[in-house]
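Colleague: Got a structure here, written out as structure tokens. Questions coming.
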Amino acid sequence: MWRFKILKILLNTFNKWKSAIPWKYTALFFIAIFLIIFLANVYLQKSVQGQQTFILTSGSVGGNYNKTGKLIEKYFNEKNQKVSIVSIPGAGSYNNIERLASRFADLAIVQKDVLVKNYFDANGVHNVTVLAPLFREELIIYAHTKDDIPIDQFANIVTNNKVNIGITKLGNTAQKTFELIAQLLKVQTGNISYVTGSYSQLIDKFKNGDIDYIVTFSLPLEEMEKVGAHKVYFSKRQLQFLSSRFRDLSEVKFNTKGGTLGVWAVLIGRNDAIDGIGAKNVIEAINAIPSDQFIGKHIKETHDFFVDKQQREHFAQAIPLHNA
């Protein structure tokens with residue numbers, strides 16, 4: 001279409017001035033038109049062919065993975081012309097790893113423990129590298145209570161009452177971890193019904209009283225923190241026991257009585273994709289996310305934590321960590 005527009009403009013110009021142009025230059029005029037269109041076409045084709053797009057699979061709409069993916073896309077694309085990142089919603093760590101393994105995606109945000117399990121599984125994903133730890137996530141159970149409550153009180157409630165628990169997807173990491181912990185601590189789950197939805201949908205349902213709890217394995221949800229939602233916590237003794245069972249999870253204390261379990265969320269990529277996109281470019285984009293934003297604040301804390309060479313080496317014992 002653009003070729004015809006250019007040709008039309010040039011012909012209109014020629015018709016206006018043809019009486020002043022000697023006939024012997026007419027052929028040269030049309031040769032010039034042809035060359036202009038031909039060279040412009042070659043240039044545009046080379047620009048398109050030289051541009052590569054890489055897919056980053058993130059998380060549920062409204063969640064921290066999804067927000068982080070969009071921020072990485074924004075700050076990467078602002079500084080890179082020949083390659084670009086497109087962040088798309090995902091459905092959790094397991095789904096994101098499947099997308100990498102099938103080559104549907106090039107980059108993914110996943111939890112480290114899920115990655116490690118798949119990395120050493122014969123049928124798992126192997127040719128991947130961690131580009132950067134992003135932030136530490138927590139198993140959080142948000143509750144309609146006036147204060148944080150111990151897991152024993154929560155167990156008593158769900159044993160004697162039917163409750164609705166919000167999760168982003170059936171079978172996701174949050175649900176699997178929650179149910180394993182429930183088994184270990186002998187929490188009865190027969191009265192629990194799961195309600196699925198995006199984070200924004202779950203938060204709205206929680207505020208409206210349509211669900212009793214939200215179970216998530218993520219950064220604290222910014223919207224929930226703003227309204228002062230309280231949480232279910234594990235005692236210090238329970239945390240010691242649970243961390244001995246979940247080797248890739250660590251203790252995270254959020255009050256004087258106890259806390260919960262945490263795990264690192266990481267950005268990973270297929271090795272061939274990392275070669276094409278440039279690890280240094282991606283890491284620069286991550287570090288460019290402003291630290292006065294909610295996500296940026298946690299990324300900055302993680303960056304400062306892993307400046308310590310010993311911490312990086314300890315992290316890399318489980319899975320390769322890029323040194324860009």
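The values are calculated or read from the model by the stated rules, or taken from the named source; none is laboratory data. Predicted model only: the values in this text are computed from it and were never measured. Note that each Cβ is placed from the backbone with ideal geometry, even for glycine, and that neighbours are counted across all protein chains shown. When the accessible area is computed, the model is the full protein with side chains, heavy atoms only, and any ligands, DNA or RNA have been set aside. Shrake-Rupley method; radii C 1.70, N 1.55, O 1.52, S 1.80 Å.
Colleague: Tally the residues that are assigned to a helix (DSSP H, G or I) and among the charged types (D, E, K, R), restricting the search to region 134-190.
Modeller: Going through region 134-190, the residues assigned to a helix (DSSP H, G or I) turn out to be 151-160, 173-184.
Pick out the ones that are also among the charged types (D, E, K, R) and you get 152, 176, 179.
Result for region 134-190: 3.
Colleague: Just to be sure, is residue 280 open to solvent by 20 Å² or more (accessible area, probe 1.4 Å), among the basic types (Lys, Arg) and within 18 Å of residue 322 (Cβ to Cβ)? Can you show your working first?
Modeller: On the way: open to solvent by 20 Å² or more (accessible area, probe 1.4 Å): yes; among the basic types (Lys, Arg): yes; within 18 Å of residue 322 (Cβ to Cβ): yes.
Answer is yes for this residue.
Colleague: Cβ-Cβ under 6 Å, sequence separation 6+ or interchain: first residue in region 291-320 and open to solvent by 90 Å² or more (accessible area, probe 1.4 Å), partner assigned to a loop (DSSP other than H, G, I, E, B). Which pairs?
Modeller: Matching pairs, first to second residue: 297/291; 300/291.
Colleague: For region 210-221, check the following and say yes or no: at least one residue is in a helix (DSSP H, G or I) and either out of contact with any His (no Cβ under 7 Å at 6 or more places or on another chain) or over 23 Å from residue 312 (Cα atoms) (or both). Show your work before the answer.
Modeller: If we filter region 210-221 for residues that are in a helix (DSSP H, G or I), which is where we start, we get none.
No; the residues of region 210-221 include none that is in a helix (DSSP H, G or I) and either out of contact with any His (no Cβ under 7 Å at 6 or more places or on another chain) or over 23 Å from residue 312 (Cα atoms) (or both).
Colleague: Tally time: how many residues in region 251-269 are over 20 Å from the mean Cα position of the chain (by Cα), open to solvent by 30 Å² or more (accessible area, probe 1.4 Å) and either aromatic (Phe, Trp, Tyr) or closer than 16 Å to residue 180 by Cβ (or both)?
Modeller: 1
Colleague: While we're on this one: Do we find that residue 125 is open to solvent by less than 30 Å² (accessible area, probe 1.4 Å) and modelled with pLDDT under 95 in this structure?
Modeller: Details: open to solvent by less than 30 Å² (accessible area, probe 1.4 Å): yes; modelled with pLDDT under 95: yes.
When the stated conditions are applied, residue 125 passes them.
Colleague: Continuing with this model, one more query. Can you tell me which residue within region 208-241, out of those that are over 27 Å from the mean Cα position of the chain (by Cα) and among the basic types (Lys, Arg), is surrounded by the fewest Cβ atoms within 10 Å (Cβ to Cβ)?
Modeller: 237
Colleague: Go through (1) within 10 Å of the chain's Cα centre (by Cα); (2) modelled with pLDDT of 95 or more one by one and return the number of the condition residue 77 breaks.
Modeller: (1)
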